[in-house]
Amino acid sequence: MITTTHYMMLSVALFTLGVIGVLTRRNVIIVLMSIELMLNAVNINFVAFSHQLQNDVGQVFAVFVVVIAAAEAAVGLGIILALYRNTETVNIDEMNLLRW
Amino acid sequence: MAEAVAFYIVAALILGFGVLVITAKSAVHSILFLVADFLCVAALYVMLEAQFLAVIQVMVYAGGILVLYLFVVMLVNLKRPPEAHRDPHRLGRLGAVLAAAIFVELAAIFAVGWTKPAEVQGTLSPNNVEQIGRALYTEYLIPFELASVLLLVAMIGAIILAKREL
């Protein structure tokens, strides 16, 4: 029997994979993709609870998360393009203009 | 029984592709693994009776967002690999350890804090597109409109950021 806890554990594991990607990779495009993985983990949680409570509000909020992910991807990739045009790099270690 | 087998297969695929996404050397490979990962998540949504979200996942995520990623990776043709520059201050191992700590914390919250399931509040009809549409246009009308404004702002912002000169 697969319970909601199983889905929550899967979602935790996927979220952790996203955190590892954000913290350890240096390619900024892969960092953005890791953020997409984390948003997907959140969506799995929403849908699992929507299924358990037999209530469709969780799915409505998952749709909103997809909207946010699309906006984030568009703006994030625009920033990456602008940065690449100015600095010729996508390595986050070299994007340290604002670091003190 | 069949549900358990399907769940474990899909979960293993999701986590396996997730590991490949964050370990792949090339960004293009990473994106292709992410497409496979999102398709497996769509299969999971079908198992959870969220057919509308499964279709959205395939169309918006796998079809839209990841094509955008692929475009950007193709646009930034790198003369030297991004992993070449090594920052001596960077603590990659510490990052992995911190992520493991986050995993343990979240798992402990779920394992300890999970007492009893809340009571069922209604029924999900097998055709839940109608239910979701009704909720979006009545109860969640203002968030829905705000989301559309956000998408408009993001579209304009992305164009302004990516344009060479205005």
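Could you line up B:Glu139, B:Glu165 from fewest to most neighbouring Cβ atoms inside 10 Å? Display every interim value, and only then the final one.
Details: B:Glu139 12, B:Glu165 3.
In increasing order of surrounding Cβ atoms, one gets B:Glu165, B:Glu139.
Which values, in whole Å and largest first, are the semi-axes of the equivalent ellipsoid of the stretch B:1-77 obtained as the square root of 5 times each eigenvalue of the Cα gyration tensor? Don't skip to the answer; put the middle values down first.
On the way: eigenvalues 132, 51, 5 Å².
Ellipsoid semi-axes (Å, largest first): 26, 16, 5.
Which order do the peptides A:64-70, B:14-20 come out in when sorted by mean C-beta neighbours inside 10 angstrom, highest first? Could the numbers behind the result be given before it?
Numbers: A:64-70: 18.4, B:14-20: 20.0.
The most tightly packed comes first, giving B:14-20, A:64-70.
Which whole-angstrom value gives the distance between the alpha carbon centres of the stretch A:76-91 and the stretch A:23-69?
Between the Cα centres of the stretch A:76-91 and the stretch A:23-69 lies a distance of 25 Å.
Which whole-number percent of Cα pairs in the protein assembly as shown have a distance greater than 36 Å? Each step should come with its number before you reach the end.
Numbers: 6063 of 35245 pairs.
Percent of Cα pairs beyond 36 Å in the protein assembly as shown: 17.
Å³ per residue of the Cα convex hull, for the stretch A:4-94? Please report the intermediate quantities before stating the final value.
Values: hull volume 5.2 nm³, N = 91.
For the stretch A:4-94, the hull spanned by Cα atoms encloses 57 Å³ per residue.
Would you list the P(r) distribution for chain B, with all Cα-Cα distances sorted into 5 Å bins from 0 and each bin expressed as a whole %?
The distribution over chain B is 1, 6, 8, 12, 15, 17, 16, 12, 6, 4, 2, 0, given as percents.
Compute the relative contact order of the stretch A:4-94 as a whole-number percentage, counting only Cα pairs closer than 8 Å that sit 6 or more residues apart in sequence.
Once divided by the residue count of the stretch A:4-94, the mean separation gives 31 percent.
Every number here is computed from the coordinates shown, using simple stated rules; none is lab data. Note that the structure is a prediction, hence the values are computed from the model and not measured. A quick note on method: Cβ atoms are made from the backbone with ideal geometry, for glycine too, and the neighbour counts reach across all protein chains shown.
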